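Structure first, commentary second.
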Amino acid sequence: MTGPRVVYAAGSGRPVDAAGLIDRSFRERIVLVGMAMPPIGLDQAEASLDELSLLVDTAGADEAARVVQRRNAPDPATYVGKGKVDELHQLSEAVDADTVVFDDDLSPAQQRNLEKILGRTAIDRTAVILDIFAQNARTQEGMAQVELAQLRYRLPRLRGRGLTLSQQAGHIGSRGPGESQLEVDRRRLVQRMSRLEAELRQLTRTRRTQRRSRHRSGLRSVSLVGYTNAGKSTLLNRLTDAGVLVADRLFATLDPRTRRLDLPGGESVLCSDTVGFVRKLPHQLVEAFRSTLEVVAESDLVVHVVDASAPDPEAQMDAVRSVLSDIGASGVAELVAFNKADTTPEAMRLSAAHPGSVVISAGEGLGIDALVSAMGDRLRALDCVVELLVPFARGDVVAAVHREGGVLVESHEEGGTRLRARLDEAGIGRFSEFVVDPPAGVSGSASGPTRA
């Protein structure tokens, strides 16, 4: 007689239930530890632990208890004070915890000291986020990026057993400690990181070639950014019928998706979904995913999707903008969309506090028309208005201007067809020989087209 069949999560070795989530009967029990250090108060520390609890749940574990300590600065040896470490040890024993998770980064020395005292695994917020990314990565590029981030995180934490794992031999010239296992492991990690970096450089070149091809098509690009689980993938599906994965959990989407979107004015844009952000996003991930996030920095418009039902949406917005600054995208035009208006009245209040924003519900389809209209208005505002005089024999140019820009006025005169059109800088360059009497305003020339 055989027992029930157990299915394991890919790459994690942990059993999953019918919904594909880590089976709760096999889930780890976790003690969460946070610290309230000036200027962070207890309320902010508790809010950060609430988010860490969601991260731990997504990674496949359950919160068994939590501890918050007030300190002016972390203890250099154990992060929390000696008395608090003893308290954590007793609490972990009482709740039968497998692991203790700290809300801030631990140094390798702190981690070793804590594990020795606590008698169980001690990890930090970064390790939890890396674990979630490892579970959710699906494409070759995504898996390589996550593995590289994990190796960068593990390298300074690598430790061996010293001379007990050394290579030794008994003949002349080979006696002595030789090469320790620690050095072998470190060299293997560095070699693996080098291979991953080379692989990602090749994938980056391919991605940039694809982006250049899209740029030559003359289509504007829009990126959906926001805090994790804000509803970006749901919005992309609503706008373009993309069919991407939608799940009510953190970091469900890691791999970007780009789809074509037709705007009300007749123009088309390329709309991309991106990886979600979070407070204290590990710098290893930002560096590893930098090539993927380049699509945001090169966009014409960023649609910042905000979960209006979140406990502190303003803090989430600040966290997203901080990451955008890190990747060089802080200068891209931004349109804020407060999502999940069907679940909270806060969306209208938030929108009133942020002029120019829109209120939507990606799940229910509320406000989508207003969002698309606002996207078109913002993109058109980035264009320049120029006047062109096109000879009658060049009807193909007139058709191209209609196709690539917004023709505001068209008239026929003795010299040909006069067009007043809204064009981007690339379009102005293509039709530069037909531009006449451009108004002042173009950089690099005494006169030129004006911004609309």
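The values are calculated or read from the model by the stated rules, or taken from the named source; none is laboratory data. All values derive from a computational prediction rather than experimental measurement. Using ideal geometry, Cβ is built from the backbone for each residue, glycine included, and neighbour counts are taken over all protein chains shown.
If you check Leu366 against the conditions, is it modelled with pLDDT under 90 and under 26 Å from the mean Cα position of the chain (by Cα)? Quick ask: steps written out before the conclusion?
On the way: modelled with pLDDT under 90: no; under 26 Å from the mean Cα position of the chain (by Cα): yes.
No.
Restricted to the stretch 324-363, and to residues that are in a loop (DSSP other than H, G, I, E, B) and of a type in the set (A, V, I, L, M, F, W, C), which residue is nearest to Ala247 (Cα to Cα)?
Looking only at the stretch 324-363, we keep the residues that are in a loop (DSSP other than H, G, I, E, B), and these are 327-332, 340-345, 354-357, 360, 362-363.
If we keep only those that are of a type in the set (A, V, I, L, M, F, W, C) as well, we get 327, 329, 332, 341, 360, 362.
Details: Ile327: 26, Ala329: 27, Val332: 28, Ala341: 18, Ile360: 19, Ala362: 13 Å.
For the stretch 324-363, the residue satisfying everything is Ala362.
Just a yes or no: is a residue in the stretch 309-323 at pLDDT 90 or above, in contact with a helix residue (DSSP H, G or I) (Cβ under 8 Å, 6 or more places away or on another chain), assigned to a loop (DSSP other than H, G, I, E, B) and within 18 Å of Phe251 (Cα to Cα)?
Yes, there is a match, as at least one residue in the stretch 309-323 is at pLDDT 90 or above, in contact with a helix residue (DSSP H, G or I) (Cβ under 8 Å, 6 or more places away or on another chain), assigned to a loop (DSSP other than H, G, I, E, B) and within 18 Å of Phe251 (Cα to Cα).
Tell me which residues, restricted to the stretch 396-419, are small (Gly, Ala, Ser) and either surrounded by 12 or more Cβ atoms within 10 Å (Cβ to Cβ) or within 22 Å of Leu239 (Cβ to Cβ) (or both).
From the stretch 396-419, those small (Gly, Ala, Ser) are 399-400, 405-406, 411, 415-416; that's our starting set.
Passing the criteria: Ala400, Gly405, Gly406, Gly416.
Kindly list the number of the only condition in (1) under 15 Å from the mean Cα position of the chain (by Cα); (2) surrounded by fewer than 22 Cβ atoms within 10 Å (Cβ to Cβ); (3) modelled with pLDDT of 90 or more that fails for His354.
The failed condition is (1).
Scanning the stretch 269-291 for residues that are within 14 Å of Val146 (Cβ to Cβ) and surrounded by fewer than 23 Cβ atoms within 10 Å (Cβ to Cβ), which turns out modelled with the lowest pLDDT? Break it down stepwise before answering.
Taking the stretch 269-291 as the starting set, the residues that turn out to be within 14 Å of Val146 (Cβ to Cβ) are 275, 281-282, 284-291.
Filter again for surrounded by fewer than 23 Cβ atoms within 10 Å (Cβ to Cβ), leaving 281-282, 284, 286-287, 290-291.
Values: Leu281: 84, Pro282: 84, Gln284: 80, Val286: 83, Glu287: 81, Arg290: 78, Ser291: 72.
So, considering only residues that are within 14 Å of Val146 (Cβ to Cβ) and surrounded by fewer than 23 Cβ atoms within 10 Å (Cβ to Cβ), the one modelled with the lowest pLDDT is Ser291.
Do we find a residue being closer than 12 Å to Leu151 by Cα and modelled with pLDDT of 90 or more anywhere in the stretch 198-209? Steps first, please.
Of the residues in the stretch 198-209, the ones closer than 12 Å to Leu151 by Cα are none.
The answer is no; no qualifying residue exists.
Answer with yes or no whether Leu371 is surrounded by 15 or more Cβ atoms within 10 Å (Cβ to Cβ) and either more than 24 Å from Arg422 (Cα to Cα) or modelled with pLDDT under 90 (or both). So that I can check it myself, show each step before the final result.
Numbers: surrounded by 15 or more Cβ atoms within 10 Å (Cβ to Cβ): yes; either more than 24 Å from Arg422 (Cα to Cα) or modelled with pLDDT under 90 (or both): no.
No: the conditions fail for Leu371.
Quick one: is Ile30 more than 23 Å from the chain's Cα centre (by Cα), in the same structural domain as Thr99 (by TED's automatic domain parsing) and modelled with pLDDT of 90 or more? Can you show your working first?
Working: more than 23 Å from the chain's Cα centre (by Cα): yes; in the same structural domain as Thr99 (by TED's automatic domain parsing): yes; modelled with pLDDT of 90 or more: yes.
Yes: the conditions hold for Ile30.
Identify, from the list Ser361, Ser351, Ser357, Ser325, the residue that is under 28 Å from Ala134 (Cα atoms), without any contact (Cβ under 8 Å) to a residue 24 or more places away in the chain and small (Gly, Ala, Ser). Don't jump to the end; show me each part of the working.
On the way: Ser361 fails: under 28 Å from Ala134 (Cα atoms); Ser351 fails: under 28 Å from Ala134 (Cα atoms); Ser357 fails: under 28 Å from Ala134 (Cα atoms).
Criteria check complete, one pass: Ser325.
Among Gly266, Gly243, which is the only one that is within 30 Å of Gly60 (Cα to Cα) and either not assigned by TED's automatic domain parsing to the domain that holds Gly60 or not in a loop (DSSP other than H, G, I, E, B) (or both)?
Numbers: Gly266 fails: within 30 Å of Gly60 (Cα to Cα).
Exactly one of Gly266, Gly243 is within 30 Å of Gly60 (Cα to Cα) and either not assigned by TED's automatic domain parsing to the domain that holds Gly60 or not in a loop (DSSP other than H, G, I, E, B) (or both), namely Gly243.
If the requirement is being of a type in the set (Gly, Ala, Ser) and in the same structural domain as Ile30 (by TED's automatic domain parsing), which of these qualifies: Ala109, Ala149, Ala144? Full working, then the answer.
Numbers: Ala149 fails: in the same structural domain as Ile30 (by TED's automatic domain parsing); Ala144 fails: in the same structural domain as Ile30 (by TED's automatic domain parsing).
Of Ala109, Ala149, Ala144, the one residue that is of a type in the set (Gly, Ala, Ser) and in the same structural domain as Ile30 (by TED's automatic domain parsing) is Ala109.
When you go through (1) free of Cβ contacts under 8 Å to residues at least 40 places away in the same chain; (2) under 30 Å from Thr344 (Cα atoms); (3) buried (at least 20 other Cβ atoms within 10 Å of the Cβ) one by one for Leu379, which number turns out not to apply?
All conditions pass for Leu379, except number (1).
Kindly evaluate Ala65 against the criterion of being more than 23 Å from Val278 (Cα to Cα) and surrounded by fewer than 18 Cβ atoms within 10 Å (Cβ to Cβ). Step through it out loud before you land on a result.
On the way: more than 23 Å from Val278 (Cα to Cα): no; surrounded by fewer than 18 Cβ atoms within 10 Å (Cβ to Cβ): yes.
In short, no.
Would you mind stating whether Arg378 is more than 25 Å from the chain's Cα centre (by Cα) and charged (D, E, K, R)? Step through it out loud before you land on a result.
On the way: more than 25 Å from the chain's Cα centre (by Cα): no; charged (D, E, K, R): yes.
When the stated conditions are applied, Arg378 does not pass them.
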